[in-house]
Every structure is written in structure tokens, then in C-alpha cells.
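Step one of this worksheet: look at the structure below.
The values are calculated or read from the model by the stated rules, or taken from the named source; none is laboratory data. Given the structure is predicted, the values throughout are model-derived calculations rather than measurements. Cβ: placed from backbone, ideal geometry, glycine included. Neighbour counts: every protein chain shown.
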Amino acid sequence: MLRRLLLPVILVILAYGLWLSPEFKEISAGVAIFLFGMLSLEEGFKAFTGGRLEGLLRRSTDRLWKALGFGVVTTTLMQSSSLVSVITISFLSAGLLGLAQGIGIIYGANLGTTTGAWLVAGLGLKVKIAEYAMPMLVFGVILLLQRSKTLRGGGYVLAGLGFIFLGIHYMKDGFEGFRSAIDLAQYAVPGIQGVLIYTLLGILATVVMQSSHATLVLTLTALAAGQITYLNALGLAIGANVGTTITAVLGAIGANVEGRRLAAAHVLFNVVTGIVAIVFIQPFMVAVEHLARWIHLPAGDYTLRLALFHTLFNLVGIALMLPFTERLVCWLERLFRVRRPAVVRARYLHEAALEVPDAALAALRKEVVHLFEQAFGILAHGLNLHRETIISNFDLDRLVEAPPRLGDYDVEAHYDLRLKQLYSDIIDFASRLRTTLPEKRADELYQLRNAARGIVEAVKDVKHMRGNLVHYTSHENPYIRAEYNRLRAMLAKVLRELHRLLLEEDADVTFLSLDRLKVEIREMEKEQDERLEQLIRARRITSLMATSLMNDAGYAFDAAKALINSGQVLYRAEDEAEDEAERALQLEKDEIDRLAGRGGTP
Amino acid sequence: MSRLNRMLEKISHLLGRKPPERATCKQLRKLLKRLKHRQRELEKRCKYTHDAHERKRLEREIKVIREQRRKGVHLYRELRK
């Protein structure tokens, strides 16, 4: 109800203000143009970096200090902590970043965003910024009309900067005009009371505009025009810092529990930093004065002092919170627990992951591995084996000869419970991702979707053969028993190898080990054909047994091949170059056939 | 390539990432060395194995590694050119 009322109320107040005062109109237009510029800038950086930013994020955040540095550098370069925090949340949701690293980035982004105040106070208010805005807008719009994605991205960035400069110019002019009409400084509230009131105003303004940059620029221009006091401006800066967390909170709504943990850490960091800044406002002001003299800031330039204060209290906040990051992670993990539903659903596929193609594809890959993890149990039990038996190092050829114990296992029911919904989530996510994914990445998406299909088909194959498998593995005829046990052992070996490859961290298995498995399967197919003929000829098995075996062997070999193909798609070496090298050495089908003695070019 | 992309590339290079081809070449050499080592190890094991089943398994693995190495050496030479 309140939310529904908020927008009309804001619109009415704005309309009244615009009608009442031409200066207010100019300032509001300045803020609107500035915000539009920010949006354009973000859009430009999204298109401009074309996955490189995400790649960099993945590689350069393995340590907390690196994550912190990444946050500072990227936010300084892009002047948008919102974009950095949204990308961080999407990577965290996709499981590509640890919570501690994510928190490091957020700390860094808080520090990086303070450079904006320096730029505006140091340049924006000192030079005639609008003169630069016009050519930027002209060139930006021309580039925007180009076909090339990079040029279009550059156009967005240029136009964005143009609008930002233009917005600052209008805000500056608006406050200058105010000075001759009314003096807003007479509404200044002195002392700590003033800091508190203006902090609340700063929070409110940032929540409404969803940009701490806009609040800060507004504060700086008002301060430069002498419309607010320095102390009240400090309160507004603190408020802007707290209010900016709204973007992360909104971003976390579509994210999973990891994203929500990060948003909570963001809120906590900014609130704690804000409280520290309010409580120690006097020592901070003294420190700012000392530092200002030390770095030779012009006396009486309060806009630069405000920028210094903004940087200083964020730095203090980082120094205070950084040593407690590990504890904070533990606390957040306890606070936001992962709930396990009865029906298995997607773990990594969330709206937030869809925002960034790299993150979305990585999330999809992890989800298909999750699908394999679920299918592993069903396949193991479907073969009348325990998961632990397959994961162990025991000889599977001998283990399958032990009497089976899982006769009443219902593959169909477990498929419904653990795979069906998960598979649907994967397909749904893949379809939605296809609409936003660049053409060159589409192949990767299809491969992942096919990998998921391969895993599900393998489960269906095992379901089809399970009836006969249960029947013949406890049959009195030793020949048919041995044949079915061979099929079980073969599938169990595939599962063991894939489990080591995809789910165990320090396993002595590489992508290339799968080639050996492929050769073994081809050899087995050939041997099985020959053995089957001999068994029929020697009347060791009945014709009924033979047809069942032929059908089930088909299912088993299909399942094994589908699983190996899926494994090859899902496997990723830690290093991109290592992955590329391994894939280059992978054997082709005719090479496998030749090694298995089934023809192929010599 | 845009200036920002070039800059990001430079940053990632500073952070320890090499240009793709050079990195692949180096990785390929490392991988070939690893495969050679594995092959030697398997050949040694095969020599002292009397179990026919185990021997067959080892021989199969050696055969596959040999083929992968042959392919890798060829590719490495191409890349070096």
C-alpha cells in the first residue's frame, strides 16, 4: 500500500516544486540528466567489456586483498559501485566467487566510489564542464547508432559521461540561481543533531534516486554554492553511503542465499561505517583538516574536504571490518541457511545469474554437474550398487559379482523426485539465457543443454534395463549373470571416472582419461558381440535371454557413451590454456575405433 | 579492440595471465611431459604385472597415451612454427 502511494506522492511534490521555482526545476532536471547519464554509462560498460570484466573478476579475486583491489580499481574506472555489486552478486549466486571474496569486492567498491567525489569536487566544479558535455553527446550518439557492439558500447559510455557532465552543470546553475533568491543555508542545523538529520536526508535521497553519486554531486554543488553548511554536507555524504546499499538489496532479491548474504554484508559494512563516522565526526573533521593541510588543499575549499572525508571514513570502515571478514562470513552463513527441499531444484540458476553471460554459463555448467551428482546416486542404485562402492578404489569387475541388495529400488520415483524438476529448471534457464546470450557463446549453451539431456537419457536407459538386470543378476544361469555383471561393471567404471573428474578435487584423473574409457567401451562392444554369438551357438543361454541381453547391452552402451560425452562437456581445467591443451589432444572417433581394433584410418 | 578492453587485457596480464597462444604452447609442453611420465610409469608397472586382466588394462592405457602424445607432439610442432 505504502509502496503504491509513494510514487504518486513523489510525483506530486516534484510537480509542485517545478511549478513553484525555476531553480528547483533546473536542479531536478540536472539530477534527472545525471541519473540518465549513470544508466547510459552502466549500459555502455556492460556492452563494452564483452565478458572481459567477468573473466578478470574470476581470475583476480582468489585472495581477499586481490578482491579488495579489484573492487577499488573497477569502481574507480567505471564510477559505478552498483554495476560492480550487481556483477559480484551474480557471480556469487553462480558459485564462482566465495563470500569472503565477494565481501572484499564490496569493501573495495565502497572505497572506489569515493573517487567520484574527488573528480566532481576537483574538476567538475572548477571547470566549465558543460563545454565538454556537448561534443561528448554528439560523438556518443553517432557511435550509438553504429552496428558494432564495441562502438555502441563506447557510444553509451561517451553519451553517459556527456549527460553526467550536463547534469552537474544544471545542478550547479540551479544552486547558483537559488543563492540570489533564497538562502537554503538558513535551514542549516548545527551540531550532531544536524549531522543526524542530514544523514537521514542523504539516505532518503539515495534510496529515491538509487545513486549515491547523484546525492554526492547534489551535495557538492550545494556546498560549492554555499547553500548548505560543511557539517550538514558531511551528514549527507554519510547518508549517501548508507543509502547506496539499496541497490545491493534490490539485486539480492532475485539472488540465492549467497547473494542475500553478500547484500547483508554490504548493508552491515555501510551502516557500521556510517555509525563510526557519526560518532567520531569531530575527530574525523580534525583529521580531514590536518590531511588537507598536508596535501596542500586550498584553504576554504570545503568540497575537496568533503571528498577527503568521504574517502577517509570509508578507509577507516575497511580497516575496522577487514580483520573480521572471516567471522562475518561464518555469522552470515549461520544467519542465512540453505533450505533443502524434498524435490531437488536448481542450486545455481537464479535471476541474478542471468544478468551476466559469463556468470550465467558458469552457473549452468555447475547446475548440470549438480544434475550429474543427483543422477549418480540413481544410476548407482539402478545398477544395484551403492554410491560408496563406486567411489571406492575396489576392483569393480569383482565387486559386481557380490549378491545384489537393492532389488526394490524404484528408478522412476527417484527420477521424479531428484531429476525431473532440476532438469526442467535447467532447460528453462537455458531457454531464457539464449535470448540474451551473444551468438558466439550460443554453442556452449547448446553443449551444456545436450550434456544435461545425455545424463537424463542415461538414467532412462538404466531404468529400461533395470527389470532384466535385477532378474538376470540373480539368475541361476552363470553365463547370463556374468554378461549382465559385465554391463554393470562397465557403467560403474564410467560413473567412477566421471565422479573423480567432476566432483573430486584432487583426483588423479584428467579429461584425457576419458579416451581410455571410450576405447575400453568400444572393445567391450566388440567382445560382447562375439561372446553373444558363441553363447547362442553353444546354447548356453536361451533365445529369450539373448534378445534381452542384446537390448540391454544397447541401453548400457548408449548410457555409457552419453555420460562420457556429457563429462567431456562439463569438465573444465582450472586454467583456460590447460583446458585448451587437453581438448586439443582428445582422440577423435576414428582414432578411438582404430585403437579398439574396429577399423578407422591407420 | 577498445582501449578499455586493451587496458583490461593488460591488467589481467599483470595479474599473471599470458596471451592465449603462448599459454597454450607452454601448457601443451607441460601436458606432454606429464603424459610421457605417466606412460613410463605404466610401462614399468606393466612389466612386473602377471595378472592378465590388469596387464590388458595397462596396455590399453599405454596405447591411448601414446596416441595422445603423438597427436600432441604434432600440434606442438605446428604451434612452434
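Looking only at residues of the range A:106-124 that are of a type in the set (Ser, Thr, Tyr) and surrounded by 21 or more Cβ atoms within 10 Å (Cβ to Cβ), we find that the one that is nearest to A:Ser81 (Cα to Cα) is A:Thr113.
Please indicate, with yes or no, whether at least one residue in the range A:379-387 is surrounded by fewer than 18 Cβ atoms within 10 Å (Cβ to Cβ), within 20 Å of A:Leu498 (Cα to Cα) and of a type in the set (S, T, N, Q). For the range A:379-387, residues surrounded by fewer than 18 Cβ atoms within 10 Å (Cβ to Cβ), within 20 Å of A:Leu498 (Cα to Cα) and of a type in the set (S, T, N, Q): absent.
Residue check, A:Asn485 against (1) touching an Asp or Glu at 6+ places or on another chain (Cβ under 7 Å); (2) within 23 Å of A:Tyr415 (Cβ to Cβ), all met but one. Which one? Evaluating A:Asn485 over (1) touching an Asp or Glu at 6+ places or on another chain (Cβ under 7 Å); (2) within 23 Å of A:Tyr415 (Cβ to Cβ) leaves (2) as the failure. When the residues of the range A:570-598 are filtered to those that are facing chain B (nearest Cβ under 8 Å) and in contact with a Ser or Thr (Cβ under 8 Å, 6 or more places away or on another chain), the one that is modelled with the lowest pLDDT is A:Ala577. Assess whether A:Gly567 counts as being at pLDDT below 85, away from chain B (no Cβ under 14 Å) and in contact with a helix residue (DSSP H, G or I) (Cβ under 7 Å, 6 or more places away or on another chain). No, not satisfied. Here the condition is being at pLDDT 90 or above and surrounded by 19 or more Cβ atoms within 10 Å (Cβ to Cβ); of A:Thr273, A:Thr244, A:Thr303, it holds for A:Thr273 alone.
For the range A:498-547, name all the residues that are among the hydroxyl-bearing types (Ser, Thr, Tyr) and within 52 Å of the chain's Cα centre (by Cα). Outline the logic, then answer.
First, the residues of the range A:498-547 that are among the hydroxyl-bearing types (Ser, Thr, Tyr): A:510, A:513, A:542-543, A:547.
Selection gives A:Thr510, A:Ser513, A:Thr547.
Test A:Tyr484 against the stated conditions and say whether it is farther than 25 Å from A:Ala452 by Cβ, in the same structural domain as A:Arg387 (by TED's automatic domain parsing) and touching a Phe, Trp or Tyr at 6+ places or on another chain (Cβ under 7 Å).
Taking the combined requirement at face value, the residue satisfies it.
Restricting the search to the range A:350-388, which residues are assigned to a helix (DSSP H, G or I) and more than 22 Å from A:Ala562 (Cα to Cα)? Within the range A:350-388, A:Glu351, A:Ala352, A:Ala353, A:Leu354, A:Pro357, A:Asp358, A:Ala359, A:Ala360, A:Glu388 meet the criteria.
Can you say whether B:Leu31 is at the interface with chain A (Cβ under 8 Å from one of its Cβ atoms), at pLDDT below 90, within 9 Å of the chain's Cα centre (by Cα) and surrounded by 14 or more Cβ atoms within 10 Å (Cβ to Cβ), as far as the supplied structure shows?
Numbers: at the interface with chain A (Cβ under 8 Å from one of its Cβ atoms): yes; at pLDDT below 90: yes; within 9 Å of the chain's Cα centre (by Cα): yes; surrounded by 14 or more Cβ atoms within 10 Å (Cβ to Cβ): yes.
For B:Leu31, the condition - at the interface with chain A (Cβ under 8 Å from one of its Cβ atoms), at pLDDT below 90, within 9 Å of the chain's Cα centre (by Cα) and surrounded by 14 or more Cβ atoms within 10 Å (Cβ to Cβ) - is met.
As a summary of the residue check, B:Leu75 satisfies the conditions (1) exposed (fewer than 14 other Cβ atoms within 10 Å of the Cβ); (2) facing chain A (nearest Cβ under 10 Å); (3) in contact with a helix residue (DSSP H, G or I) (Cβ under 8 Å, 6 or more places away or on another chain) except for the one numbered (1). When B:Lys44, B:Lys63 are screened for being more than 9 Å from chain A (Cβ to nearest Cβ) and at pLDDT 90 or above, only B:Lys44 passes. Only one entry in A:Glu523, A:Glu483, A:Glu527, A:Glu476 is away from chain B (no Cβ under 14 Å) and surrounded by fewer than 18 Cβ atoms within 10 Å (Cβ to Cβ), namely A:Glu476.
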